[in-house]
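All remarks here apply to the structure that follows.
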Amino acid sequence: MKYAGLLVMPAGFFLSIAALILFHAAAPRLIFVLCGLAVEAMGLAVAVRGHMEESRSHRP
Amino acid sequence: MTTGAISPMTDSVFALTLALLLLAPLAIAGLALVNTGLGRSRAAAQSILGSLGIVAVAAIVFAAVGAAFTGSPEGARHSFLLAGKSWSWLGAGPWLLGGLNSDSPQNQLMLLFEFLAVALTAMIPWGSGAERLRLTSGCAATALLSALFFPLIAHWTWGGGWLKQLGANFGLGAGFLDGGGAAAVHLLGGLSALTVVWIAGPRKGKFPKEGLATAMPGHNAVFVLFGCFLALAGWMAWNVAGAVLWLHAPSSALAGTAVNTLLSASAALVASFAVTRIRFGKPDASICANSWMAGLVASSACAGLILPDAALLVGLVAGLITPLLIELLELAFSLDDPLGSIAVHAGGGLWGILAVGIFAPQTGQLLAQLLGIAALLGLTLPLIYLLFRLLDCVLPFRVNAEGERIGVDLHELGSSAYPEFVIHSDDSRQ
């Protein structure tokens, strides 16, 4: 689960870069970059969740 | 491979910046003291020796490899063309600091700044692994950071890389701005700290099967708070030097940069004092110290670019979010970060980078800052985790069970920091 989350994160980065190349107006660029950051945040949340489950199962 | 050009520096500005950079190691010393004081007495000697070792390894590896990958704004670099624009992704400087003496004075100062920055970056994950991270593993992780990750981010932000070029290539303000290293130092260090905490796991007894996390308070509040004073002196010098080197600030803006640094830290401390007073009935020294550091970290990105009232606001927000983040990471996310490195450096760094976009007058600056955050979070964190995970297979990050039982000072160094004192009974039992 942690690896799945970490794999999602670069997708968010590439989405943000695509915004720069695809759009010239400020508003769609900002929206696209925010979407990219949201994807990264989701990936991070999944990774953190994966860590929590892992650490809970290893508790003494 | 392409090159860029910047305007030369006068002798007086060179002398001032050099003097400031000679004061900047106080920030490193301050952080080392804070890290040592916030850990338990059983790990004090390993913590401070590790800090020194990490500075040494970072300097050697950066001189050998990292400086070449970092490059300089007017030096050679590796670029590719995409959508008709040049994207510089890595520096292509000489190996082993070749040609340093014949380089321009400004480039020499930039290199000195980067040497200090890489040392500070590497000390952040060392702090998060306190009391269970092995000295050799900490040094190996430092070598990776200094050879690969720091040069990559430093080139993007300071060496004329694609993040810095966002202004010229895409009209996004002045490109990504980071005068004092909120991104290349603190956010990168904070993300590395997160991966170290993930890989090394919590300290023994930190998270019992039932109930809340066990409190493991630091052993020396005086170290922690004196470290905050040292850090202030170093940070003021650091931010002013950064403003000269990376933001090309005029001399009229330099005193303001130092004042903004102080205001940001002060507002963070006052906010945290109030939050912990309300939350626990009494102000908490370690959380207040962490908030002070978070205020300094947040000021790293923006002190040279904003007005004093905005600096107060930046510090206030840093002081409010730091105690909440520390509690959230420990209690909700089961992350054992003994020194609050993730909250202070990743949290404070993120907020500082964002604050530049919010308070800077140029249009498009916010977008440039958001892209910088996206690059660091989306690309660097998975890469650091992957390489640190591989490193952990070769050189295990965590000390063995016996080492953790007797404490890393005795286990790794053969003697404790305070040999005349009896080890606390609670420590020896865990």
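Here the Karplus curve 6.51 cos²θ - 1.76 cosθ + 1.60, taken at θ = phi - 60°, turns the phi angles of segment B:362-371 into couplings of 5, 6, x, 5, 4, 5, 4, 5, 5, 5 Hz, with x standing for Gly and Pro.
For the peptides B:14-23, B:339-348, the ranking by packing is B:339-348, B:14-23, with the highest mean count of neighbouring Cβ atoms within 10 Å listed first.
Accessible surface buried by the A/B pair amounts to about 2700 Å², both sides summed, 1.4 Å probe. The mean number of partner chain beta-carbon atoms within 10 angstrom of a residue's beta-carbon across peptide B:378-388 is 5.
At a 1.4 Å probe, what is the % contribution of carbon and sulfur to the accessible area of segment B:286-410?
75
Placing a label point 7 Å from the Cα of A:H58 along the Cα-to-Cβ direction, the residues of segment B:122-147 with a backbone N closer than 19 Å are B:125-138, B:141. For the residues of B:164-175, the average number of beta carbons from a partner chain within 10 Å of their own beta carbon is 1.
Each residue, A:Y3 and B:T363, gets one label point 7 Å from its Cα in the Cβ direction; the gap between the two is 4.7 nm.
The lysines within cross-link reach of B:K164, meaning a Cα-to-Cα straight distance under 25 Å and a gap of 8 or more places when in the same chain, are B:K85. Backbone phi angles across segment B:332-345, fed through the Karplus curve with coefficients 6.51, -1.76 and 1.60 (θ = phi - 60°), yield HN-Hα couplings of 8, 9, 6, 9, 8, 10, x, 9, x, 4, 5, 4, 5, 8 Hz in residue order; Gly and Pro are listed as x. 3J(HN,Hα) along segment B:107-119: 5, 5, 5, 4, 5, 4, 4, 5, 4, 5, 5, 5, 5 Hz, from the Karplus curve 6.51 cos²θ - 1.76 cosθ + 1.60 with θ = phi - 60°, whole Hz, x for Gly and Pro. Using the Cβ-Cβ distance between A:A45 and B:L212 with R0 set to 30 Å, the FRET efficiency works out to roughly 0.85. Close amide-amide hydrogen proximity is noted between B:H78 and B:W89, B:L90, B:G91, B:A92, each under 5 Å apart and 5 or more residues distant or on a separate chain (H modeled in the peptide plane; Pro and chain starts excluded). Remark: the protein assembly as shown carries 38 Å² of accessible area per residue (probe radius 1.4 Å; ligands, DNA and RNA excluded).
For segment B:356-422, GluC sites (Glu not before Pro) are listed when DSSP marks them as loop and at most 13 other Cβ atoms sit within 10 Å of their Cβ; the list is B:E420. Between A:L20, A:G36, A:Y3, the Cα set farthest toward the positive side of the dipole of chain A (charges on each charged residue's Cβ, about the Cα centre) is that of A:Y3. Need one word for chain A: rounded, prolate or oblate. Basis is the Cα gyration tensor (sqrt eigenvalues a ≥ b ≥ c); a/c below 1.5 gives rounded, then a/b vs b/c decides. Prolate is the answer for chain A, as a/c is 1.5 or above and a/b outweighs b/c. Measuring nothing but protein heavy atoms, the accessible surface of segment B:47-201 at 1.4 Å probe radius is 72 percent carbon and sulfur. Between B:T136 and B:S252, the simple spin-label model (points 7 angstrom out along Cα→Cβ) gives 5.8 nm.
Neighbouring Cβ atoms from other chains, within 10 Å of the Cβ of residues in B:75-86, number 1 on average.
Please work out whether segment B:219-270 counts as rounded, prolate or oblate from its C-alpha gyration tensor, where a ≥ b ≥ c are the square roots of the eigenvalues and a/c under 1.5 means rounded, while otherwise a/b larger than b/c means prolate and anything else oblate? Walk me through the intermediate numbers first.
Working: a/c = 3.85, a/b = 2.19, b/c = 1.75.
Taking the square roots of the gyration eigenvalues as a ≥ b ≥ c, segment B:219-270 is prolate.
Net charge dipole, chain A: roughly 120 debye, given to the nearest 20, about the Cα centre with Cβ charges of +1 for Lys and Arg and -1 for Asp and Glu. In this rough spin-label picture, where each label sits 7 Å from Cα along the Cβ direction, the B:F421-B:L395 distance is 3.0 nm.
Sequence-distant contacts, meaning Cα pairs under 8 Å at least 6 residues apart, place the relative contact order of chain A at 50 percent. Here B:K282 is the anchor, and the lysines within straight C-alpha reach of less than 24 Å, apart from those fewer than 8 places off in the same chain, are B:K206.
The values are calculated or read from the model by the stated rules, or taken from the named source; none is laboratory data. All figures in this text were calculated on a predicted structure; none of them were measured in a lab. Ideal geometry is used to build each Cβ from the backbone, glycine not excepted, and the neighbour counts take in all protein chains shown. To get the accessible areas, we keep the full protein, side chains included, count just its heavy atoms, and leave off ligands, DNA and RNA. Shrake-Rupley method; radii C 1.70, N 1.55, O 1.52, S 1.80 Å.
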